[in-house]
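> Sharing a structure below in C-alpha cells format, with a few things to ask.
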Amino acid sequence: MAQNTAYDLSLFEKKKKEQVIRLEPKKAPRPKPQRRFGAVRVMAVAVLVVGVLSLALFSRAQLTELSAAITTAEEEYNAAQSEAQRLQLQMDAGVTLKKVEEVAAAKLGLVKQGDYQVNYVTLTTGNAVEVTEEDNSILGQVVRFFTGLFGGKES
Amino acid sequence: MADTRKLSLKMKKRMRVVGVLLILLGFVTMGVRLFYLQVIDGDELQQKAVNQQLRDISIAPGRGSIYDRNGNILAASATVWTVTISPKDIKESQKEEAAQKLSELLELDYETVLAKMQKNNYYEVLKRKIEYDESEKVKAFCQENGYSFVSLIEDSKRYYPYGNFASAVIGFTGVDNQGLSGLEAYYDDLLTGTSGLVVSAKNGWGQDMPFQYEKLYSATDGYSLVTTLDETLQHYLEKQLEAALTEHNAKAVSGIVMNPKTGEILAMASKSDFDPNDPYTILDERLKASLEGLEGEEYTTALSNAQQYQWRNKIISDLYEPGSVFKVVTAAAALEEKVVTTDEQFYCSPAGVTIADHTFHCWKAGGHGSLNFFESMTASCNPVYVEMGQRLGAERFYSYVQAFGLTEKTGIDLYGETNSIVYRAQQMGPVELGSCAFGQSNKITPLQMLTANCAAINGGKLMKPHLVSKILDSDGNVYKTIEPTEVRTVISAETSQILCDMLEADVAAPGSNCYIAGYRIGGKSGTSEKLDSDDPDARVASFFAFAPADDPQIAVLIFVDEPNSYSQYGAVLAAPAVRRFLEEALPYIGVQPVYTEEELAKTTISVPNLVGSTLSQAKATINSKGLKVTYVGEGDTVVKTVPSGGNKIPQGGTLVVYLDDSETKTVTMPKLTGLTPSQASATAGALGINIHMTGDSTTKTATAVSQSIAEGTTVSVGTVVDVAFQANVARE
C-alpha cells in the first residue's frame, strides 16, 4: 500500500510511550539498632507496674481500715457522750431540792433561816423640812420689797 | 461463562440485600428490646438494681430535751441497748446452757429465754433498754463464751431526773420514744427530729463498698423545749400539795402558779401523780388499795382506770364548781358596769334572799347583818352576789363570763383540755343567775378560774396561759420564742385596782389563814358542793391568792378535792397551804418583807451572847433588846442563859440568866394545841416558857394546830416553843 501522504495516519496511531528508565537511588532500610538489656527493661517495667498496683491496693486497704477505725471511734465517742449525759441525769436526780431538804433536815439537823437571824434596820427617820429664818432687819425688808415688786423669789 | 458471571453477580447482590436486611432486623430487634428494658421496664429494673446493689441504714435522731426556765433538765434521752438473739443460729446443744447463763446475766426468767431460743426465726428480743454497764457485761460475756447469735442494737431511753415532779405537765414517752402525754405528746413532732440515712454500695457478699458509692443523709436531732416552769417554785408547790393530800386525806390536791401579767405557768401539779420514769406503776396509796383483791379482767380494767386517773392533768381536764373564788368575776362585772359602788350598803339577813320561788341563804347561819360591797368580798356574802347577778341581768352577766374566757378553752399547749359547762344567757332564769353569780352551777376548769382571776387583778387583761417560752435547736440556738399573748382587755385598770384592794382586805382580815407578816397579799377562798357526786357531802375547798397586792407578780390557786378532814372550807384547808407556799416563794422571787411596827413587834430576835459578861453589862444589853429577865443564883458574872446566845426569843420575851452554877430549872411542856392564842400564851407564861406564835395568831378564835416541842417533854424554864395557829372560822 502506498503511503498516503495526505493523511498522516501515523498521527492517529497509538504512540508507544517511550520507556524512560530512570535510576533512583533507593534508600536502604536502616539497620535496627541492637537493644541492650531488653529483658531487664521489660522486667523493670513489670516490677513497676506490679509495685504501683500493690501500692494502690495497699492504700485502699489502709483507707478501709482507717475508715472502720474512725467509725468505731465515733460510735464509742457517741456512746461515751450519751453515757456521760445519763450519769449527769443520775447525779441530778440525787440532788433535787426535795432530797437536799430531806438530808439537810433529817441528817444534818439544819433548819430554815428564821426572822430572828435577820436584823431589820429602819433607815428612814421621817420627813423633815428646813425653813430658813426670815431676815427682819431694815435691809432685809427693803430687799423683800423690791424682790416682790419684780415677782422674783428671795434667794 | 458470561451467564455464570451474571448469575454470581446477581446472587451477590441478593446476598448483600439479605445481609443488610438481616443486620437491620438484628438492630431493630435489639433496639426494641432496649426500648422495652430502658423505657417500659426501666424504673422497675432500676429499683431492683438499687435494691440489690445498695444498702441503706437508718440513723435515729436524738430526741430533744425539756428544760425549766433556768436551764435545769426536766427530761433528756440517752443511748441504751436492746439485746436480741438469732434463734436459728443457736446450736441445739447450746440452747439450755445459753438460756441459763443469759437469764442469770440479764435477770430474766429462764423458761421465757429458753422458749425464745427455741423459736424458728432470726430475731427475738431478750431485753430492751439496758444501760451501758450492762451492755458491756453482755458484750464481754458473749465474747468469752463465743455466743455470736447475740446482738446489741442501739436504742434510746428517756430519763426524768426529778421523778414524780411536774409529771402531768411533762408527760412521758412510750417504748418507741414517742410522746404519749403532756408536753412530750404535744410537742412530739418538734422533739422527735428527722431520721437520717446512709446509702452505700454492697458487693455480692452483702458487704459495704463505701468507696464505690456512699451517700450520707444526716439525721436532724429534735428541738429542745425551754418551759416556763421554775423548778424551785414547782418544788415548793408540790411540797404543800403532798402535805395537804396527807393531812386532809383528800381524793386529790392540785395547784397552779402563774405570772398574772404574762400568763406564764410557773408551776403546775396534781397529787396523786406518777413517776414518768415508770408511768405504769400506781404511786398513790389510795389507788393501790382499790386494786387489792381484784383479779383477772376486773383487775385489768381497774388498773387501766387507775393509770388514766393518775396520768390525767386534773387542772385542765377536770371540771369543778368554783364556789366563792368566782365572786371575783361577779364583782369585776358589777363594778365595771357600775351597778354597784364599793360603799353601797347591804343587809345580809338570816332569812336569806328569795329570788322567784327559791331562797338563797348565806353560808353564815345568822347572816352578816349590815355590810358594804367592799366588805362583802371579805365576808363572802352570798346574798350580796345573788343581788349583783340580778342587777347585771343574764345577758350582761354571761357576756362577762365569756369575756373572762370561761366559755372557751384557754388554748394552753397541752392535750386533754376540757371546755367548761356554763349556763348561757338564754338558759339562765333568775334562780340560775343567782346561783351562778356566787360560784355554783357553772362548771369550769381550775386553769380557767385562775386565768380569769389573773385578768381581774393584773389591770384587766386576759392573758393566754402557756408552758413553753423557747424552742432550741440541737446546738442550743433559739429556733423560736413564744411571747405572752393578750387575748383581750376585760375590765378597766381602775376596776382591777379596786378588786386588788378588796382581795387584799380579805387576806388581812382575821380568819383568812393566808396572812404573812411583811407581805401584801390578796386572796379569796372558795368552798363548793360537787352537785354531780354520789356523796352529798363531797366538797372542793380552794384558795386563790396573789402577791404583792400592789403589783402582782405571782398568782396561785390550790384546790383540795373531797377532803376528809376536820373542815371542808377553803379558808381552813387550802389557805394554809397557799400561805406556806408563798412564805417560801415570795423571798425566792425577790419580794422581801417590809414590816410595819406592829408586825416587827411580833417577830423573834436573836438572844445576845452574855456568858462571861458582868451583871451590869448584861442588864444594859438586855434592856437595849427590850427583853424581860429573870436572874437565877448569886454572882456578878453571867454563867449561862436560857435560851442560849444566838438562839431566838420572841420580842419582849423573858430571858433566864444564871449567875452561878445553880441547877437549871425545868418544867414539863404542856399541851398547847387546841388552845386560842391568849390561852396558849397564858399557859406557857405561867410555866416560864417563851411562846413564839406563827400563822393566824391575830384571830382571837384561832386555835393552835401544832407545837414544836411535844407535850410532856421536860424543858428548861425560858425555852422557846413555836406554836402555829389557824383560824377555823368557816369563811367560804
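> Whole Å is fine, so just give me how far the alpha carbon centre of region B:25-57 lies from that of region B:549-628.
Region B:25-57 and region B:549-628 have Cα centres spaced 86 Å from each other.
> Each residue of region B:577-584 in order: what ³J(HN,Hα) in whole Hz does its phi give by Karplus 6.51 cos²θ - 1.76 cosθ + 1.60, θ = phi - 60°, with x for Gly and Pro?
After applying 6.51 cos²θ - 1.76 cosθ + 1.60, I find 5, 5, 4, 5, 5, 5, 4, 8 Hz.
> Using 0.36 nm per residue, how much length does the chain from B:Asp155 to B:Ile709 gain when fully extended, once their Cα-Cα distance is taken away?
Difference between extended and current length: 194.0 nm.
> So what is the relative contact order of region B:60-225, in percent, for Cα pairs below 8 Å that sit 6 or more residues apart?
Relative contact order, region B:60-225: 30 percent.
> Which of B:Val198, B:Val125, B:Val113, B:Val325 comes first, and how do the rest follow, when ranked by fewest Cβ neighbours within 10 Å?
B:Val125, B:Val198, B:Val113, B:Val325
> Stokes-Einstein D for region B:647-732 at 25 °C, 0.890 mPa s, Kirkwood Rh over Cα pairs, in µm²/s?
The Stokes-Einstein estimate is 182 µm²/s.
> May I ask for the Rg/Rh ratio of region B:446-577, computed from Cα atoms with Rh as the Kirkwood radius, given to two decimals?
Ratio of gyration radius to Kirkwood radius: 1.07.
> Using θ = phi - 60° and the Karplus form 6.51 cos²θ - 1.76 cosθ + 1.60, what ³J(HN,Hα) does each residue of region B:657-667 get, whole Hz, x for Gly and Pro?
Residue by residue, region B:657-667 yields 10, 9, 9, 8, 8, 4, 4, 5, 6, 10, 9 Hz.
> Can you pull a Stokes-Einstein diffusion coefficient for chain B at 25 °C (0.890 mPa s), Rh from Kirkwood over Cα pairs, as a whole number of µm²/s?
Value of D from the Cα-based Kirkwood radius: 77 µm²/s.
> To test your reading of the geometry: what angle, between 0 and 90 degrees and rounded to tens, separates the Cα axis of helix B:95-106 from the longest principal axis of chain B?
30
> Which trypsin sites (Lys or Arg not before Pro) in region B:382-448 sit in a loop by DSSP (not H, G, I, E or B) and have at most 15 other Cβ atoms within 10 Å of their own Cβ?
B:Lys409, B:Arg424
> Once you keep just the Cα pairs under 8 angstrom separated by 6 or more residues, what percentage relative contact order results for chain B?
10
> Where the only charges are on Cβ atoms (+1 Lys, Arg; -1 Asp, Glu), what is the dipole of region B:2-56 about its Cα centre, to the nearest 20 debye?
860
> Same structure, new question: Quick check: Cα centre of region B:666-680 to Cα centre of region A:66-142, how many Å?
Rounded to whole Å, the Cα centres lie 38 Å apart.
> Taking neighbour counts of Cβ atoms within 10 Å as a proxy for exposure, in what order, fewest first, do B:Ser420, B:Ser624, B:Ser492 appear?
Going from sparsest to densest Cβ surroundings: B:Ser624, B:Ser492, B:Ser420.
> ³J(HN,Hα) across region A:105-122 via Karplus (A = 6.51, B = -1.76, C = 1.60, θ = phi - 60°), whole Hz, x for Gly/Pro?
Rounded to whole hertz, the list is 7, 6, 9, 9, x, 7, 10, 5, 4, x, 5, 6, 8, 10, 8, 8, 10, 8.
> For B:Val629, which sequence-distant residues (separation of 5 or more, or a different chain) have an amide H within less than 5 Å of its own amide H, given hydrogens modelled in the peptide plane?
Residues meeting the criterion, in which the H sits 1.01 Å from N, are B:Leu655.
> Indicate, rounded to the nearest 5 percent, the antiparallel portion of the DSSP beta bridges found entirely in region B:558-707.
Just about 60 percent of them are antiparallel.
> Follow-up question, since we're still on this one. Run the dipole for chain B about the Cα centre, Lys and Arg Cβ at +1, Asp and Glu Cβ at -1, nothing else charged, and hand back the magnitude in debye, nearest 20.
Rounded to the nearest 20 debye, it is 3200 debye.
> Take peptide B:495-505, look around each residue's Cβ out to 10 angstrom, count Cβ atoms belonging to other protein chains, and average those counts.
For this peptide, the per-residue mean of nearby foreign Cβ atoms is 0.
> Give me log10 I(q)/I(0) at q = 0.08, 0.14, 0.20 Å⁻¹ for region B:60-225, Debye formula, one equal scatterer per alpha-carbon, no solvent.
The Cα Debye sum returns log10 ratios of -0.35, -0.91, -1.15.
> Kirkwood Rh and Cα-based Rg: tell me the resulting Rg over Rh for region B:2-56, rounded to two decimals.
Rg/Rh for region B:2-56 comes to 1.50.
> In degrees, nearest 10, range 0 to 90: what is the angle between the Cα axis of helix B:42-53 and the longest Cα principal axis of chain B?
On a 0 to 90 degree scale, this one is about 70.
> Angle, helix B:493-508 long axis vs. longest principal axis of chain B, Cα atoms, 0 to 90°, nearest 10?
Result, in degrees: 60.
> Another question, then. What size of dipole, in debye to the nearest 20, comes out for region B:60-225 about its Cα centre when the only charges are +1 on Lys and Arg C-beta atoms and -1 on Asp and Glu C-beta atoms?
260
> Could you tell me the distance between the Cα centroids of region B:67-102 and region B:327-376, to the nearest Å?
Using only Cα atoms, the two centres lie 67 Å from each other.
> Right, next: Could you list B:Thr713, B:Thr676, B:Thr604 so that the one with the fewest beta carbons within 10 Å of its beta carbon is first and the one with the most is last?
B:Thr713, B:Thr676, B:Thr604
> Now a separate question. Which residue, chosen from B:Gln52, B:Leu34, B:Val18, occupies the Cα position most advanced towards the positive end of the dipole of region B:2-56, where the dipole is computed from +1 (Lys, Arg) and -1 (Asp, Glu) charges on Cβ about the Cα centre?
About the Cα centre, the residue reaching furthest to the positive side is B:Val18.
> Same structure again: Can you list residues from other chains, or at least 5 along the same chain, whose modelled amide H is less than 5 Å from the amide H of B:Leu74?
Here B:Ile66, B:Tyr67, B:Asp68 satisfy the definition.
> Could the peptides A:64-73, B:299-308 be put in order, highest first, of the mean number of other beta-carbon atoms found within 10 Å of their residues?
B:299-308, A:64-73
> Separate question: Averaged over A:107-119, how many beta carbons belonging to a partner chain fall within 10 Å of each residue's beta carbon?
Average neighbour count from other chains, rounded to a whole number: 4.
> Cα-based Rg (one decimal) and Dmax (whole number) for region A:40-110, in Å?
29.7, 95
> For B:Val150, what is the net charge nearby, where nearby means another residue's Cβ is under 10 Å from its Cβ and Lys, Arg count +1, Asp, Glu -1?
Charge balance in the 10 Å sphere: 0.
> Then there's this: Which one, B:Thr719, A:Val100, A:Tyr77, projects farthest toward the positive side of the charge dipole computed for the protein assembly as shown from Cβ point charges (K/R +1, D/E -1)?
Final value for the positive-end residue is A:Tyr77.
> Okay, moving on. In whole percent, what relative contact order does region B:228-377 give with Cα contacts below 8 Å and a gap of six or more residues?
Relative CO of region B:228-377 lands at 15 percent.
> Farthest toward the dipole's positive end in region B:60-225, which of B:Ala168, B:Gly193, B:Ile90, given Cβ charges of +1 (Lys, Arg) and -1 (Asp, Glu) about the Cα centre?
B:Gly193
> Follow-up question, since we're still on this one. Quote the convex hull volume per residue of the protein assembly as shown, based on C-alpha atoms, as a whole number of Å³.
649
None of the figures in this text is laboratory data; all of them are computed from the coordinates on show. Fair warning: this is a prediction, and the values are worked out from it, not measured in the lab. All Cβ positions, glycine included, derive from the backbone under ideal geometry; neighbour counts span all protein chains shown.
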